[in-house]
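The values are calculated or read from the model by the stated rules, or taken from the named source; none is laboratory data. Only a predicted model underlies this, so the values are computations on that prediction, with no experimental measurement involved. Ideal geometry is used to build each Cβ from the backbone, glycine not excepted, and the neighbour counts take in all protein chains shown. When the accessible area is computed, the model is the full protein with side chains, heavy atoms only, and any ligands, DNA or RNA have been set aside. Shrake-Rupley method; radii C 1.70, N 1.55, O 1.52, S 1.80 Å.
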Amino acid sequence: MNTVPTTIVGDAYTSSHHWNLLCDLVDLDNRMAGQQGEKEGAKLVKDVFEEHGLRDASITEFEIPGWWRGSSSLTVKHDRTHEFDAQHETVSLPGTPSGDVSAELVDVGDGLPEDFEEHDVEGKLVMASSLTPDEYGRWIHRAEKYGAAVRGGAVGFLFRNHLDGNLPPTGSIGNENGPGDIPAVGVSKEVGHRLVRYCEDGETTAQLTVDCRNEPTNSRNIEAVIGPDTDEEVLVTAHVDAHDVGEGANDNGVGTVLVAEIGRLLAGMEEELETKVRCLVFGAEEVGLFGAYHWAEARDTDSVKCIFNMDGAGYSRTADVHTHGFEAIGEAFEEVRDELGVPVEINTGIRPHSDHWPFVQKGVAGAQARSIAKDSGRGWGHTHGDTLDKLDRRDLRDLAVVFTAGVVKLAETDREIEPKSVAEIREATVEQGFEEGMRNSGSWPFDDGKIDASANATAEGDR
């Protein structure tokens, strides 16, 4: 067992490399998947990989169903006409089709399955909160609420934020084949509260207008390697794309720059690395994990010892590692926690909503690394408020130390990290309550001709 190298700690605590790259990324116009800003961001990452001494840096393009934002507006008739068409009053959800619909407005509360059972939404404009009550037992994803509205025959969908701040939430509701079925926008908690009040007062009609563009485009993955040329490799990953309404500073600029920083720190101790490490930044995560799926389907995942994915790591300097039941990954970070004397939360549960998932669903050992703060939730993510001013470079330095030290341990040749069978991952996903929601949102990967749940961990399978 290797202890945390002191060279990592000293170098990381004086570094501004990650902060400088983060500033460059947020200064791009936007990094929406498949658009110019994402392309420029990929070039920035590749250049930094090369500057830090990583080898074989490359960019690989792949096709995705692209989406470009236009205008959107909401007009509500309640006693008198109320128009919501300013920039921050409605935000189209990526993957929405264009449309102009008029219908009765119906609020379905938190948008739980039972909420939809209690309301007749056919032919209606449906509004649901972004909140999932803690006591419900499982998280209801935005796409599941949208899907329930579509299956119920709704003609449009409003997604209202449950957090204060006059910020409408965004987030994809499209699918791997293209746009969704009905137009959809996000509105702030404050606008949503007003609309809920109107609905409670009596029948309220509304007109939702969305203008956007849906057509194929290209996204891209960026990668480079460090360490010995071994058959096995550890993947260190994040995603460079971001929603276009904000800067994408936290989601996922932080993850991207931490991948680059981990690569830089490892380059300074390359001779001590025992297994090859591949620094891999995916494109098009926010609209369907397209970059991660492309890599996992095009490459031999048998060579992947484990994937360590960083997404949601900008909330604080307290690391939070979700191991998906791969005990050896948790043990590595427990050692880091004990050696450094810093807080590192270890969670064993499944998290099927980021770039590790295309690997984990096939049985590849994987973890998602985040950071946590009290009541952080998604925080400013997916809103106009995801900006650089919310972040602190000292948090990046602390996280770089913890995560790099953990990667060094994951790369130890005598640290065995066994894969799981697809059946084991499926069983854990069911037991932890994700099946219903993933089926409802169209993202269930097992049993439906996508992945054979009877296959072993190394079997090939389609998404």
Derived scalar couplings ³J(HN,Hα) [region 165-176; Karplus, 6.51 cos²θ - 1.76 cosθ + 1.60; whole Hz; x for Gly, Pro]: x, 6, 10, x, x, 10, x, 6, 10, x, 9, 5
Surface accessible to a 1.4 Å probe, Asp414 within the full protein complex, Å²: 110
Largest first, what is the accessible-area ranking of Glu272, Glu327 with a 1.4 Å probe? Glu327, Glu272
Pop out the carbon and sulfur fraction of the accessible area of region 27-114 as a percent, whole number, probe 1.4 Å. 41
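At 222 nm, what helix-only mean residue ellipticity would the chain give, in deg cm²/dmol to the nearest 500, using -39500 (n - 2.57) for each DSSP H run of four or more? Before the final figure, lay out each step's value.
On the way: 13 runs with 136 residues, N = 463.
The helix contribution divided over the chain gives -9000 deg cm²/dmol.
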When the accessible area of region 153-270 is computed with all protein chains present and a 1.4 Å probe, what percentage of it is carbon and sulfur? 40
Exceeding 19 Å between C-alpha atoms, which entries from my cross-link table qualify? They are Lys77/Lys145; Lys77/Lys124; Lys46/Lys362. Lys77/Lys145; Lys46/Lys362
Taking Cα atoms only, helix 189-201 is inclined relative to the longest principal axis of the chain by an angle, in degrees rounded to 10, of 30
Grab the Cα-Cα distance for Asn177 and Cys23, subtract it from 0.36 nm times how many residues apart they are, and report the gain in nm with one decimal. 52.1 nm
Based on the inverse mean of 1/r over its pairs of different Cα atoms, what is the Kirkwood hydrodynamic radius of region 135-292, in Å? 19.0
Taking just the alpha carbons, could you work out the radius of gyration and Dmax for region 1-42, both in angstroms? 15.7, 45
Alpha-carbon centroids, region 414-449 and region 220-292: separation in whole Å: 24
Of all beta bridges DSSP finds with both residues in region 286-435, what is the antiparallel percent, to the nearest 5? 35
Ellipsoid equivalent to the chain - semi-axes via the Cα gyration tensor, in Å: 39, 23, 20
Of the beta bridges DSSP finds with both residues in region 55-135, what % are antiparallel, to the nearest 5? 60
Over region 299-386, give the accessible area per residue in Å² for a 1.4 Å probe, as an integer. 32
Report the FRET efficiency, 1/(1 + (r/R0)^6), for Asp85 and Glu122, where r is their Cβ-Cβ distance and R0 is 22 Å, rounded to 0.05. 0.25
Which percent of the accessible heavy-atom area of region 304-430 goes to carbon and sulfur, probe 1.4 angstrom? 43
Sequence of Arg394, Arg439 from largest to smallest accessible area, 1.4 Å probe: Arg394, Arg439
In nm, what is the difference between 0.36 nm times the number of residues separating Thr60 and Glu271 and their Cα-Cα distance? 73.1 nm
Starting from the alpha-carbon convex hull of region 65-185, give the projected area averaged over all orientations, in nm². 8.0
Rounded to the nearest 10 Å², what accessible area does His141 show when all protein chains are kept and the probe is 1.4 Å? 40
Per residue, the convex hull enclosing the Cα atoms of region 269-339 spans a volume in Å³ of 148
May I ask you to rank Ser443, Ser15 by accessible area, largest first, using a 1.4 Å probe over the protein chains only? Ser443, Ser15
